[in-house]
Every structure is written in structure tokens, then in C-alpha cells.
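See structure below.
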Amino acid sequence: MKNWAGNLEYASADIQRPESVAELAELVARSDRIKALGSRHSFNTVGDTDGVHVLLDALPQQVELDRERKTVRVSGGVSYGALCRVLEKSGFAIHNLASLPHISVAGAVQTGTHGSGVNNPSLAGAVESIDLVRASGEQVTLSRADGGDFLASVVGLGALGIVTGLELAVRPSFRMRQRVLEDLPWERALEKLNAILSSAYSVSLFTDYAGETISQVWLKALDGEPPLQEFFGATPAQRPRHPLPEMSAENCTLQLDEPGLWLDRLPHFRHEFTPSKGEELQSEFILPLAHAPAALQAVRALADRLAPLLFVSEVRTGAADEFWLSPFYRQQSVALHFTWKPLQREVEAFLPELEAALRPFGARPHWGKLFSPDGYDWEKLYPRFADFRSFAAAGDPEGKFRNGLLDSILGVAVPR
Ligand SMILES: Cc1cc2nc3c(=O)[nH]c(=O)nc-3n(C[C@H](O)[C@H](O)[C@H](O)COP(=O)(O)OP(=O)(O)OC[C@H]3O[C@@H](n4cnc5c(N)ncnc54)[C@H](O)[C@@H]3O)c2cc1C
């Protein structure tokens, strides 16, 4: 079994599709090594195991709205695409989406997946409670009232248990307009970065860091937000655009200010098409928004080194949250994303140089994308890192949910 990008063949010895949570709990209890997979959109080995791989698609796929509480309960294997359609039919929405709706809710939340918007927390920010099967097979539900256990478990890197359900906060459905602007001068961008990144509900900049302009700015505005008259020297695109200049905009959500539903504007890519480029790799580094101009300059200085490897880079933002291992933990952030050509050896050889350039800004890597795990001082980056490690070790003393990547981050659970 491979991941979505096809750069990784999982090491699983056995693939299981339990049909009930009770069956899953028994499977976890009797397995030595076990991990869940969602839609397999991660680029690294965070979800790998040489034991049992569990897919949750044979479990009942529930989406239950509670209009009074303004929450929805979803089963672990449900994708955002499926969830959004059910929510919209009932007149509800979630606050934000990643660039693609294809990913599973549980898998996305476990890695701290996010969209953009200075006031929008990551997708984990909507989680009100989480149902887990722990290493012993015990089933638990943790909610905000459970404090640290909950804050550790939501962005849990799959190390704390198998997520069988989540309760997410919802809000009334809303409408949006999407506009792409072209050729934003770097000079204006660096001078007015906060204003630019705050200029709509969700803002993304697409660049290859070379030259004097940022090639595209994607603005996703709430329908009521006033249209912009002038945009820092950038010009409105006259036709729909794909972030990659050579790709057709057919697989992108509608632009040119055409009003539409939140679920048809928040992602960049449409559910019925292949998202992004398809044959690609990704990395992303999240750091305090206050450091964004200096961090962007540091990456610009590497433009020549990036050129042979990069399809395009995206700059997004996110609000602070409280989840112990969330890359957005307690800091309003900018996220510097890199869509790489499928040249894994070359990308991995270059990553330490990029990571060194971003280290002075306290960059935290996206847990589901490519990074060099040995290059980080995790305790310095994550104030609750030691607490997370102790909690993970207590809940999974035999290291059932571990793999090589998690051991290199969290320390080896049990020597094998
Ligand atoms: C084209 C593309 C675009 C992307 N765009 C974005 C973006 O806009 N923003 C962003 O932040 N990221 C983005 N990503 C990255 C992606 O969102 C994350 O890698 C996310 O984790 C993928 O979710 P998944 O369901 O595929 O999880 P998987 O890759 O299947 O698993 C990820 C992790 O979650 C764990 N996991 C999965 N299901 C469960 C479960 N039920 N219980 C416990 N643990 C579980 C796995 O063990 C693993 O550790 C993108 C990826 C691709 C391929």
C-alpha cells in the first residue's frame, strides 16, 4: 500500500478493516504494533508501521449534527468532502478547510492540518471532543473539560490512540468570493505584509521566491467583505488561475469574485479532481507571524537553490491554539509551504539548508510533510513537549503506535 503521492510504500505486514469499534478495540489490544491511516495524504512516515495498518472505512461512517449545541459528530474515517456536503445540506459549515477536501478529518487533525486566515485556527481548532481507542484497547472520550489529556490528544501524531470519532464546532453556512491577483511586488509585500495577509478571511501567496514579484495572491473573502479597489500594486487576474502556471484552472475552485458556498471556495482544489499537481512532494514550516518578513527574506536568499526543486511555494497564516504539539501552539503564525518536484533524494538533501535558514525564527515543521527530524530542539519549540512525551509513554508503554519517525521525535518508546 502506498501513500497518495506514491513516494512511500508502507511497511505494514497486515491491513485490517474492522467493522465495529469493539472489533477495532480488540485488534488494538492484541497487536504489538498498530497504526491507523486516513486518506494517506501525508508525505512522510508519520503514519507508517511494520505491524497492523488499520483502515477505518468499514466502520459505520456517521455524521450527526446537533443543532442545539452547534456541533457535528463524525466517525474517524470520514473525509472533509463528505462532511461538508452533509453540513451544507443542513445549513451549517466549518470555519476553515485545507487546500483540498479529500483528506480524512481524523488524519488531518492528528497532524495539525490547516487552511489560511490570520484569525482562523487550524482544523484541530474546531474539535470539541475526541473518541480514542488507547493502546490497551480501552475506549475513551476526551473533551475540553479534560484539560491536558484533551490538549495532548487532538494533534497527537497518531501516537496516542486510534481516533474513532470527533465532535466539531459548526457555524451557520456562509457564502464567499474568491479573487486571484497577479504580480504583487515583493517590496510592497514585505513592507505591508500584515495588511496583505489580513486583507480577507483567508489569504494565500504563491511564489517561487525568484524575481521581483509574488506571482499570485488568492483572496477568499466573506460575501459581505467590501471588494478591494487597489491591492498593493498587484493586478486582478482576468481568467481563472491554477497556482502552477502551466496547469489548467479546471481543477481549482471558482474565482473571479463569483459568489459561492464556503465549501466551494475555502479549498483551492475541487473535490472531483486531482488536487495540486499530483506528482509532487511537500514540506511546510510554521513560525510566528511577527517573523514573517525576515523569514521570507531568508527564503528569497535561497531562490537559486530552490529553483531546480520547487513547483511553487504558498504562504498562509493561522491563529494560535492550545494543542500541545500543534505547530500553531500559542502563536499566531505564518506557514511557508513548499510543493516540490518528485525528487525526494534531492529535496531531502536540500531540506537541512532550508531548515537552517528558518531555524532562527523558531520554525516548526508540518507533521505530515517532509522535514529532517534530527535538526530540531523539540523541547525548545514546544513548551509542553516533555508533557506530551510522558503522556504518550504512559498511554502506550509498549510503543504500539510508534514507528521510526515518531521514535526519532519522541525518543524510543521500547528498545526493539
Ligand atoms: C495535495 C495535498 C494538499 C495538502 N494540503 C494541505 C493543506 O492545505 N494544509 C495542510 O496543513 N496540509 C495539507 N496537506 C497535508 C495533509 O493534510 C496531511 O498530511 C494530513 O494529515 C492528511 O490527512 P490523511 O487523512 O490523509 O492522513 P494520513 O496521511 O492517512 O495520516 C496522517 C497521520 O494521522 C494518523 N491517523 C490517520 N487517521 C487516524 C485515526 N483515525 N486515528 C489516529 N491517527 C490517525 C496517521 O497514523 C498518521 O500519523 C496536503 C496534502 C496533499 C497530498
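Please state the relative contact order of the chain as a whole percent: Cα pairs under 8 Å, 6+ residues apart?
Reported as a whole number, the value is 18 percent.
Taking region 185-325 as the region of interest, what is the percent of Cα-Cα pairs per 5 angstrom bin, listed from the shortest bin to the one with the maximum distance?
Reading upward from the zero bin: 2, 8, 17, 22, 20, 18, 10, 3, 0.
For LYS70, list the lysines whose Cα falls under 18 Å from its own Cα; do not include residues on the same chain fewer than 8 positions away.
In chain and number order, the partners are LYS89.
Where Lys and Arg each count +1 and Asp and Glu each count -1, what net charge lies around GLU128 among other residues with Cβ under 15 Å from its Cβ?
Working: positive: ARG67, ARG69, LYS70, ARG73, ARG144, ARG171; negative: GLU64, ASP66, GLU68, ASP131, ASP146, ASP149, GLU167, ASP321, GLU322.
Value of the local net charge: -3.
Within a Cβ distance under 15 Å of LEU59, other residues only, what is the Lys/Arg minus Asp/Glu net charge? Write out the running numbers ahead of the final one.
Details: positive: ARG17, ARG73; negative: GLU19, GLU23, GLU26, ASP57, GLU64, ASP131.
With Lys, Arg at +1 and Asp, Glu at -1, the net is -4.
Taking the Cα centre of the chain as origin, sum charge times position over the Cβ atoms of Lys and Arg (+1) and Asp and Glu (-1), and report the length of that vector in debye to the nearest 20.
Details: 41 positive and 52 negative charges, 84 e Å.
In total the dipole reaches around 400 debye.
Taking every pair of Cα atoms in region 63-172, average 1/r, invert it to obtain the Kirkwood radius, and report Rg/Rh to two decimals.
Expressed as Rg/Rh, it is 0.94.
At 0.36 nm per residue, minus the direct Cα-Cα distance, what do ALA349 and GLU279 gain on full extension? Give it in nm, one decimal, please. All intermediate terms of the calculation are to be shown ahead of the outcome.
Values: separation 70, 0.36 × 70 = 25.20 nm, distance 1.90 nm.
That works out to 23.3 nm of additional length.
Calculate the translational D of region 272-382 in whole µm² s⁻¹ from Stokes-Einstein, where the hydrodynamic radius comes from the Kirkwood formula applied to all Cα pairs, the temperature is 4 °C and the viscosity 1.567 mPa s. Write out the running numbers ahead of the final one.
Details: Rh = 14.4 Å.
In µm²/s, the coefficient is 90.
List the pair-distance distribution P(r) of the chain, using every Cα-Cα distance, as the percent of pairs falling in each 20 Å bin from 0 up to the bin containing the longest distance, rounded to whole percents.
Per 20 Å bin, starting at 0, the Cα pair percentages come out as 28, 60, 12, 0.
Which whole-number percentage describes the relative contact order of region 190-291, with Cα contacts under 8 Å and a sequence gap of 6 or more?
Reported as a whole number, the value is 16 percent.
Going down the table (LYS2/LYS400; LYS2/LYS220; LYS220/LYS380; LYS2/LYS35), which pairs top 24 Å between alpha carbons?
Details: LYS2/LYS400 21 Å; LYS2/LYS220 33 Å; LYS220/LYS380 34 Å; LYS2/LYS35 15 Å.
Checking Cα-Cα distances, LYS2/LYS220; LYS220/LYS380 exceed 24 Å.
Quick check: from the Cα gyration tensor, does region 1-86 come out rounded (a/c under 1.5), prolate or oblate?
Numbers: a/c = 2.86, a/b = 1.48, b/c = 1.93.
Note, shape of region 1-86 comes out oblate.
Apply 1/(1 + (r/R0)^6) to the Cβ-Cβ distance of ASP304 and THR235, taking R0 = 35 Å, and write down the FRET efficiency to the nearest 0.05.
Details: r = 27 Å, r/R0 = 0.77.
Efficiency at R0 = 35 Å is approximately 0.85.
Using the 10 angstrom Cβ neighbour count as an exposure proxy, how do LEU263, LEU27 rank, fewest first? Mind showing how you got there, number by number?
Working: LEU263 22, LEU27 18.
Starting with the residue having the fewest Cβ neighbours, the order is LEU27, LEU263.
Would you tally the net charge around GLN331, using a Cβ to Cβ cut-off of less than 10 Å, leaving GLN331 out, and scoring K and R as +1, D and E as -1? Intermediate values should be presented prior to the final figure.
On the way: positive: ARG330, ARG364; negative: ASP321.
Every neighbour counted, the sum reads +1.
Show the residues, 5+ positions off or on another chain, whose built amide H is closer than 5 Å to the amide H of ASP321.
Close amide H contacts, sequence-distant or interchain: TYR329, ARG330, GLN331.
Would you mind pulling out the separation of the Cα centroids of region 131-154 and region 41-103, in Å?
18
Bear in mind these aren't lab numbers, they're just calculated from the coordinates by the rules spelled out. Keep in mind that what you see is a predicted model, and the values were worked out from it rather than measured. Note: ideal-geometry Cβ built from the backbone for every residue, glycine included; neighbour counts use all protein chains shown.
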